[in-house]
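Engineer: Before anything else, here's the structure in question.
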Amino acid sequence: MSKYSIPIYQPDLGGNVKAYVNECLDTSWISSRGRFVSEFEDRFAQRIGVAHAASVCNGTVALHLALMALGIGPGDEVIVPTLTYIASANAIAYTGATPVFVDSVRSTWQIDPEDVRRHITPRTRAIMPVHLYGQACDMDALMAIAAEHRLFVVEDCAEAFGTFYKGRHVGTFGDISTFSFFGNKTITTGEGGMVVSKDKTLIERSRHLKGQGLAAHREYWHDVVGYNYRMTNIEAAIGLAQLERADEFIGKKRALAETYRTALQDLPVQVHAEAPDTVHSYWMVSILVERAEQRDALREHLAKAGIETRPLFYPVHTMPMYARNYRKHSVAEDLAWRGINLPSWPGLSQAQLEIIVEAIRSFYRDAH
């Protein structure tokens with residue numbers, strides 16, 4: 001049991017979740033075969049407007065498969081924001097390639113295209129934009145840089161289901177893109193992920209690798225070193241039921257963000273803003289406090305009130321395994337030390353929201 005009366009996230013497993021899962025149990029289709037796997041893939045691809053999708057067992061392996069499908073490996077460099085979840089960098093390291101960290105844009109918290117340009121070398125093979133917390137990156141600038149330098153683009157959309165850039169869903173710009181369906185994501189399968197692309201060959205490579213490298217036309221013959229990265233029919237059943245309610249979930253999360261923004265507008269905190277020409281899906285509603293030393297004090301104050309929060313992701317370049325060539329990324333570091341994720345689930349009640357807002361207000365009253 002959680003010690004928090006208001007957790008940071010809680011999935012809504014209503015709708016057809018039980019009915020679809022029970023169908024899996026009743027028919028014994030509980031592993032990686034069954035109607036829900038292909039149906040979830042097809043519906044998801046249609047939803048975001050991409051030609052091909054392959055389901056996998058989590059968002060991290062989705063990134064690994066995407067990079068492998070592109071042939072990224074030892075000796076290559078992949079540019080990635082330092083302000084991201086560790087999986088973005090780890091997936092690059094799994095291939096034997098080197099993650100090259102770059103800074104963020106202060107106004108959006110997303111990867112800085114100008115810093116990307118500064119870090120391109122003859123070994124650079126790809127750029128990995130991460131649509132952090134549900135806000136879109138500047139895809140026009142990034143795609144222009146990629147075209148100029150003949151680089152692949154791998155979009156990490158783990159936190160960005162429902163996010164749009166200039167009218168297009170994120171994940172439809174790059175060569176290949178990935179999504180996560182972990183238990184705290186906008187739609188969930190418990191664990192799970194998706195690799196998507198407009199390029200059929202890249203998805204066929206991903207399917208080949210995720211299924212132990214099984215050859216297409218010879219039973220139990222494996223022609224590459226593959227992986228067991230498949231999604232189960234039960235997970236896909238949950239995902240399909242969640243997808244049916246996607247508009248409801250995204251609408252509630254966007255409304256929640258606006259309520260936080262209005263309720264906190266007279267306090268010295270900044271709610272993560274929606275950039276022009278984008279639709280922010282607000283996977284997490286996040287705030288910045290004025291000074292880094294206030295961040296943990298506010299979190300402790302909220303915890304005493306039974307409210308769970310999280311810090312923004314720590315910049316990956318500061319972590320021991322990636323700090324060998326340490327350099328400053330001042331914007332990302334400043335955001336990370338000042339940022340807090342607030343409770344962000346779509347079922348958060350008005351009463352719970354009022355408790356959270358009052359707790360934040362009381363912190364600033366006590367501080368004065």
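The values are calculated or read from the model by the stated rules, or taken from the named source; none is laboratory data. Predicted, not measured: the structure shown is a model, and the values here were computed from it. A quick note on method: Cβ atoms are made from the backbone with ideal geometry, for glycine too, and the neighbour counts reach across all protein chains shown.
Engineer: Look through region 81-93, keep the residues that are among the polar types (S, T, N, Q) and part of a loop (DSSP other than H, G, I, E, B), and return whichever of them is surrounded by the most Cβ atoms within 10 Å (Cβ to Cβ).
Structural biologist: Here the answer is 82.
Engineer: Of all the helices (runs of 4 or more DSSP H) wholly in region 233-323, which have at least 2 residues that are surrounded by fewer than 23 Cβ atoms within 10 Å (Cβ to Cβ), small (Gly, Ala, Ser) and out of contact with any Asp or Glu (no Cβ under 9 Å at 6 or more places or on another chain)?
Structural biologist: 246-263, 292-304
Engineer: Give me the strands (runs of 3 or more DSSP E) completely within region 103-220, filtered to those with at least 3 residues that are at pLDDT 95 or above and more than 29 Å from residue 17 (Cα to Cα), ordered by residue number.
Structural biologist: 124-127, 152-156
Engineer: Going by the structure shown, is residue 235 closer than 22 Å to residue 68 by Cβ and in the same structural domain as residue 99 (by TED's automatic domain parsing)?
Structural biologist: yes
For every residue, the table says whether it meets (1) buried (at least 19 other Cβ atoms within 10 Å of the Cβ); (2) outside the structural domain of residue 74 (by TED's automatic domain parsing); (3) more than 20 Å from residue 286 (Cα to Cα).
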{"residue": "104", "(1), (2), (3)": "yes, no, no"}
{"residue": "131", "(1), (2), (3)": "yes, no, no"}
{"residue": "142", "(1), (2), (3)": "yes, no, yes"}
{"residue": "146", "(1), (2), (3)": "yes, no, yes"}
{"residue": "164", "(1), (2), (3)": "no, no, no"}
{"residue": "173", "(1), (2), (3)": "yes, no, yes"}
{"residue": "186", "(1), (2), (3)": "yes, no, no"}
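Engineer: Give me the pairs: first residue in region 197-209 and among the basic types (Lys, Arg), second residue in a helix (DSSP H, G or I), beta-carbon distance under 8 Å, and six or more apart or on different chains, which are they?
Structural biologist: Close Cβ pairs (under 8 Å, with a partner that is in a helix (DSSP H, G or I)) amount to 205/68; 205/69.
Engineer: Please tell me if residue 78 is over 16 Å from the mean Cα position of the chain (by Cα) and outside any helix (DSSP H, G or I).
Structural biologist: yes
Engineer: While we're on this one: Quick check, is residue 74 under 23 Å from residue 54 (Cα atoms) and in the same structural domain as residue 224 (by TED's automatic domain parsing)?
Structural biologist: When the stated conditions are applied, residue 74 does not pass them.
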